[in-house]
Amino acid sequence: MPIECKATGHPPLLLAVTGASGIIYAVKFLEIMAGLGQEVDLILSEAGQQVAELELGSAGTDKLKGFARMVYDLHDMAAAPASGSARWKAMVILPCTMGTLASVANGLSSNLIHRAADCFLKERRPLIMVPRETPFNRNHLRNMVLAHEAGAVIFPAMPSFYHRPSSIDEMAEFFAGRLSEFIGLPVPGLKRWTGM
């Protein structure tokens, strides 16, 4: 029987943070999850740690880990996420490097993030990949199609402006809120398009 969060009644989420720019999206997503009482388990790549420290300062990695119910070692291929029998509400790769996208799209499992994503796909569970790259080359686009055809959702980190954000934090928070609601976790107070 899967463990459920006391506050939401949902199983925990599995969040993978890789080495693409945009760690602020992961932080805002984790803050929203904490506010909703939704527990999150974390897998953090080495490059993800480096980018977290580059973009958030020396405490960047600790900030991410501080939100997690559990942090899994990237190289522990015997950890729970390496098995399809383990249960989470969904897996989110945020931000997602093109290397991670390529590995998942082509079924290569060289670390726990890749293997966990493969398990979500084979078990037909929600896998949301948030690529952070521009421009895309043909390989990137092909890999997105392959991942989509395998069952993943490609949810690119594209900020919105119709809610007139006044800061980078507001842009990232709005995107993270949209991602949360896509997974099925409503965010109170999230601004919505109501027409002109």
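A compact table of results
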quantity: Evaluation of residue 21 against (1) polar (S, T, N, Q); (2) at pLDDT 95 or above; (3) farther than 23 Å from residue 131 by Cβ (one fails), failing number; calculated: (3)
quantity: The range 14-56: number of residues that are β-branched (Val, Ile, Thr) and within 16 Å of residue 100 (Cα to Cα); calculated: 5
quantity: Filtered residues of the range 105-125 (kept if closer than 25 Å to residue 177 by Cβ and surrounded by 19 or more Cβ atoms within 10 Å (Cβ to Cβ)); calculated: 113, 116, 117, 120
quantity: Residue in the range 87-100 that is surrounded by fewer than 16 Cβ atoms within 10 Å (Cβ to Cβ) and over 19 Å from residue 42 (Cα atoms) present; calculated: no
quantity: Any hit, the range 162-183, residues being within 24 Å of residue 44 (Cβ to Cβ), surrounded by 16 or more Cβ atoms within 10 Å (Cβ to Cβ) and touching a Cys at 6+ places or on another chain (Cβ under 7 Å); calculated: no
quantity: Test: residue 70 is hydrophobic (A, V, I, L, M, F, W, C), over 17 Å from residue 128 (Cα atoms), in contact with a helix residue (DSSP H, G or I) (Cβ under 8 Å, 6 or more places away or on another chain) and surrounded by fewer than 17 Cβ atoms within 10 Å (Cβ to Cβ); calculated: no
quantity: All positions within the range 146-196 that are out of contact with any helix residue (DSSP H, G or I) (no Cβ under 6 Å at 6 or more places or on another chain), in a helix (DSSP H, G or I) and more than 25 Å from residue 35 (Cα to Cα); calculated: 148, 149
quantity: Which numbered condition residue 143 misses (of (1) more than 16 Å from the chain's Cα centre (by Cα); (2) at pLDDT 95 or above; (3) surrounded by fewer than 18 Cβ atoms within 10 Å (Cβ to Cβ); (4) part of a helix (DSSP H, G or I)); calculated: (3)
quantity: When residues of the range 126-140 are limited to those that are charged (D, E, K, R) and within 21 Å of residue 49 (Cβ to Cβ), the one surrounded by the most Cβ atoms within 10 Å (Cβ to Cβ); calculated: 132
quantity: Only one of 59, 82, 105 that is modelled with pLDDT under 95, hydrophobic (A, V, I, L, M, F, W, C) and over 14 Å from the mean Cα position of the chain (by Cα); calculated: 59
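The values are calculated or read from the model by the stated rules, or taken from the named source; none is laboratory data. Only a predicted model underlies this, so the values are computations on that prediction, with no experimental measurement involved. So basically every Cβ, Gly included, is an ideal-geometry build from the backbone, and we count neighbours across all protein chains shown.
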